[in-house]
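Engineer: One structure, as structure tokens, below. Some questions next.
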Amino acid sequence: MPMNAKPCPLPADSLLLSYQANGDFVDCYKTQIAGTVTLAQFISAFYTTPLFKLERFILQSMINKPSTDDQVRQLANSEVTAFAAWTVEVRNDEQLLMCDFQKKTRSWFMLKRNDVADNTDLYFGSAVVARVDPRSGKSSMGSGFKALLGFHTLYSKLLLNAARKHLNQSQNGGLNQL
């Protein structure tokens, strides 16, 4: 069983496929956890890790997009369609695709259960929508994106690993609830 988030191709039913087909930047990371995990548990674990709570603090401080653990719970349980700097673009039983308030990026969550092996694959990925230069009409990601790509890749892996760790702690009684 993989212990670390690793890059992988998008699953055939990923909600990010349309962005990939458009030529936008798309990435996908995968890890695995023993047992059955629901999408609500995955979302709760992801957005309440200490690492993501730091991002939530930054969003509140720098762009006035506050969020609470209760709002995470509401998002996870489909009670709200907005959370911090994101809104739900598409959701089904196994996937959630969030769009940022500037409509430039997407955050994607997916899980696949394997009842035979009694584990769950956890996927996390992003899409960054290419900008169209009004003068040339050409799409590009821009120099800022290219400069931050290494950080983005590392941060995505760290976030997915932190969510898996949070879920493991929850399954082992280390957390009261997600």
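Engineer: DSSP H helices in the chain with Cα extent of 15 Å or more along the helix axis and mean Kyte-Doolittle hydropathy at least 0.0? Intermediate results must be reported in sequence, preceding the final value.
Structural biologist: Numbers: long enough: 50-63 (19 Å, 0.72); 142-171 (42 Å, -0.15).
Span-like helices in the chain: 50-63.
Engineer: Tell me the relative contact order for the range 1-102 as a rounded percent, counting alpha carbon contacts under 8 Å between residues six or more apart.
Structural biologist: Working: 104 pairs, mean separation 22.2, N = 102.
Once normalised by length, the contact order is 22 percent.
Engineer: Please rank VAL132, VAL88, VAL116, VAL26, fewest neighbouring Cβ atoms within 10 Å first, as an exposure proxy. Present the calculation step by step, with values, prior to reporting the outcome.
Structural biologist: Details: VAL132 11, VAL88 15, VAL116 6, VAL26 20.
Fewest-to-most Cβ neighbours within 10 Å comes out as VAL116, VAL132, VAL88, VAL26.
Engineer: Here is a follow-up. My understanding is that a pair violates if its Cα-Cα distance is over 28 Å; which of LYS65/LYS165; LYS6/LYS138; LYS30/LYS138; LYS6/LYS104; LYS112/LYS157 do that in this structure? All intermediate terms of the calculation are to be shown ahead of the outcome.
Structural biologist: Details: LYS65/LYS165 26 Å; LYS6/LYS138 32 Å; LYS30/LYS138 32 Å; LYS6/LYS104 24 Å; LYS112/LYS157 18 Å.
Result: LYS6/LYS138; LYS30/LYS138 exceed 28 Å.
Engineer: Just want to confirm a number: the relative contact order over the chain, from Cα pairs under 8 angstrom separated by 6+ residues, in percent. All intermediate terms of the calculation are to be shown ahead of the outcome.
Structural biologist: On the way: 292 pairs, mean separation 51.0, N = 178.
Value for the chain: 29 percent.
Engineer: Turning to a different aspect of this structure: What does the highest-first list of 37-44, 164-171 look like by mean Cβ count within 10 Å? Walk me through the intermediate numbers first.
Structural biologist: Details: 37-44: 21.4, 164-171: 19.1.
In decreasing order of mean packing, 37-44, 164-171 become 37-44, 164-171.
Engineer: When the helices in the chain are scored as -39500 (n - 2.57) per DSSP H run of 4 or longer and the sum is shared across all residues, what 222 nm value do you end up with, to the nearest 500 deg cm²/dmol?
Structural biologist: Working: 5 runs with 67 residues, N = 178.
It comes out at -12000 deg cm²/dmol, rounded to the nearest 500.
Computed from the coordinates by the stated procedures, all read-outs in this text should not be read as laboratory data. These numbers were taken from a predicted model, which means no experiment stands behind them. Cβ coordinates were reconstructed from backbone atoms using ideal geometry, including for glycine residues, and neighbour counts include every protein chain displayed.
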